[in-house]
Structure formats: C-alpha cells, structure tokens
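Student: Please read through the structure below; I'll follow up with questions.
None of the figures in this text is laboratory data; all of them are computed from the coordinates on show. Remember, it's a predicted structure, so these values are computed and weren't measured experimentally. Cβ: placed from backbone, ideal geometry, glycine included. Neighbour counts: every protein chain shown.
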C-alpha cells in the first residue's frame, strides 16, 4: 500500500504543489483580512475551515489535472526517452487505476467547492475543463506554456472566491503574475524536449523559436511577473514585507536564468524545481507577514 501511494504521488508530482499553493494561501489571507464583520479579519475558526477546504480543493484539482495529463499524453510519454520511466508507461500503475484516481480527485474538488460557497461550486466544472484542455494544447499551439500558467494562475482567484463568494479585481494581478511565472519556467523546462517535440509534431516555444530566443522570452515573462507583483502590493497598500518579497522573487528569478544557457541545459532541473520552490515559499512567508501587518 505504501509503495503504491509513493508511486501515485510521484505520478502527480505531489511535491510540485508548492508551485501554486502558496499563492492561493496568500490570496485567501488577503481576502480574509477584509471579509470579516466590520471589514476586519474573518473569525479564526471560520478562516481555518475555509483554508482547509481550499487546500483540499487544490489537492483535488491538481491531482486530477496531473493524472489526466499523464493519461492524455501516454503515447508520447512512451516515445520520449525522458519520460519512459513514468508509472503508466512502465505499468507500475494501470490505466484503469489512473482513471479512477482522476475521477476521485475531481470529486474531491467538487465537494470542497460545495463546502465553500455556491459560486465556487458553479465554477468547479469550468476549472476542471481548463485543466483538461491544457493537456491538448501542445498538439496545436506553441503558447501552451501560457495555458499551463493560467491553470496555476487560477488558484489565487479561486481562493479569493472560496473565502468571500465573490471576486475582487485586484487579485487578478496575482493571477496574471502566477500565469507568467509558470509559463516562463515551463519554457525553460521545455528546452529539454526540443528535438523530441519537433520529431513528434508537438508545439512549444523552444521548438518553434529555438532555445536562445525562447530563453529571452522566458526572461521577459519573469520580468513582467515582478512588475505585476509590485502592482499587486501597491493595489492592496501592503507594508514593507510584501515589497521585500517582491525583491526576493526578482533576485531568485534572475539567479534562475543564470543557471540555464542555450549551450548548457544541465541545470534546468535545479532552476525548475529548487529555485521555483524557494520563490513560492519566500513569497508566502513575506506576504503573509505583510497581510498580518496591513491596516484593515
């Protein structure tokens, strides 16, 4: 049982939840800061309950999305040398089990959304549709990286809705920032598969533009990410920890791009996994502190 659980967690890359969850939690805290009686904090018990359902909704959404992606891309994973050791390719997990797991994960999202509020429930099928749609985009557009970015970028807006039952347009700055952040590092990751993508007829920016130009585009996306985070901090009038967090994100993104060069992709995994994990956690720590210090 423990072995199968490890295999499932590996299939859905559970550790990558750090890429989206911190941004959803920050959005939830921002919403909770002004959603309580008299415009103050939500009561602690209600906030804890809502955060719990938001986390479960995200676990369900991400697990469903990753499993569907593995199922939809199974034929390509069998052909790509980089992905031939994945669980569905090797038979460590069966296709039938993966479908059942995807259905169960989708149900978890729907139940969690139902427990949050009516708007969250109504939008849950839309979110699932977007997550599944992403898996097909690489078949017809080189801009699939932006669709993937939006899949994670939805999480702050969804968390805001989960807390308040409505949407404040200001949180869309964070949706845009996460979208471009994820799209940028996905471009870096896709540089590993340029030759395979071209042979298989798949689309990506590195395959279309070449690695050097794709890397410049990723840098532009990440520069825009920092600008959008600054706009978010300004729109909520957050104190200095938020601005320190923006500066830290910018510095780490700069370091990330120093790790990857057109003639040396050996450190792509370090840039993709390690640096981006630090970015998410530093963002959560600094912005949670800023929300706690902010005036109501």
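Student: Given R₀ = 51 Å, FRET efficiency for residue 121-residue 258 by Cβ-Cβ distance, to 0.05?
Tutor: 0.70
Student: Separate question: Taking the chain as the reference, fit the longest principal axis to its C-alpha atoms, fit the long axis of helix 172-190 to the helix C-alpha atoms, and give the angle between the two in degrees, 0 to 90, nearest 10.
Tutor: For 172-190 against the chain, the angle is about 20 degrees.
Student: Same structure, new question: Would you please put 186-192, 262-268 in order of how densely packed they are, using the mean number of other Cβ atoms within 10 angstrom per residue and starting with the highest?
Tutor: 186-192, 262-268
Student: How long is segment 192-296 along each principal axis, judged by its Cα atoms, biggest number first, in Å?
Tutor: Taking the Cα atoms of segment 192-296, the three principal extents are 56, 23, 19 Å.
Student: Let me ask you something else. Give the Kirkwood hydrodynamic radius (Å, one decimal) of segment 34-134, defined as one over the mean of 1/r across all pairs of different Cα atoms.
Tutor: Hydrodynamic radius (Kirkwood, Cα only) of segment 34-134 equals 15.3 Å.
Student: D for segment 97-234, whole µm²/s, Stokes-Einstein with Kirkwood Rh over alpha-carbon pairs at 25 °C and 0.890 mPa s: what number?
Tutor: My calculation gives 150 µm²/s for D.
Student: Note the angle between two axes, namely the Cα long axis of helix 21-34 and the longest principal axis of the Cα atoms of the chain, as a number of degrees from 0 to 90, rounded to the nearest 10.
Tutor: 20 degrees
Student: Next question, about the same structure. Taking Cα atoms, how many degrees apart are the long axis of helix 2-11 and the longest axis of the chain, rounded to 10 and kept between 0 and 90?
Tutor: That helix lies at roughly 90 degrees to the long axis.
Student: Further question on the same structure: Which order results if 275, 178 are arranged by neighbouring Cβ count within 10 Å, fewest first?
Tutor: By the 10 Å Cβ count, ascending: 275, 178.
Student: What is the extension gain from residue 267 to residue 139, computed as 0.36 nm multiplied by their sequence separation minus the C-alpha to C-alpha distance, in nm to one decimal?
Tutor: Contour length minus the Cα-Cα distance gives 43.4 nm.
Student: Going by how many other beta carbons lie within 10 Å of each one, how would you line up 133, 19, fewest first?
Tutor: Fewest-to-most ranking of 133, 19: 133, 19.
Student: Please report, largest first and rounded to whole Å, the three semi-axes of the ellipsoid equivalent to segment 107-151, where each semi-axis is the square root of five times an eigenvalue of the C-alpha gyration tensor.
Tutor: Over the Cα atoms of segment 107-151, the semi-axes work out to 26, 9, 7 Å.
Student: Could I ask something else about it? Please pull out the direction-averaged projected area of segment 17-293, using the convex hull of its alpha-carbon atoms, in nm² to one decimal place.
Tutor: 14.1 nm²
Student: As a footprinting exposure proxy, order 227, 291 by other Cβ within 10 Å, with the fewest listed first.
Tutor: Going from least to most buried by this count: 227, 291.
Student: Another question about this same structure. For the pair residue 170 and residue 195, what calculated FRET efficiency results from E = 1/(1 + (r/R0)^6), where r is the Cβ-Cβ distance and R0 = 45 Å, to the nearest 0.05?
Tutor: Using R0 = 45 Å, I get an efficiency of 0.55.
Student: Multiply the residue separation of residue 243 and residue 209 by 0.36 nm, subtract the distance between their alpha-carbon atoms, and state the gained length in nm to one decimal.
Tutor: Using 0.36 nm per residue and subtracting the Cα-Cα distance, I get 8.8 nm.
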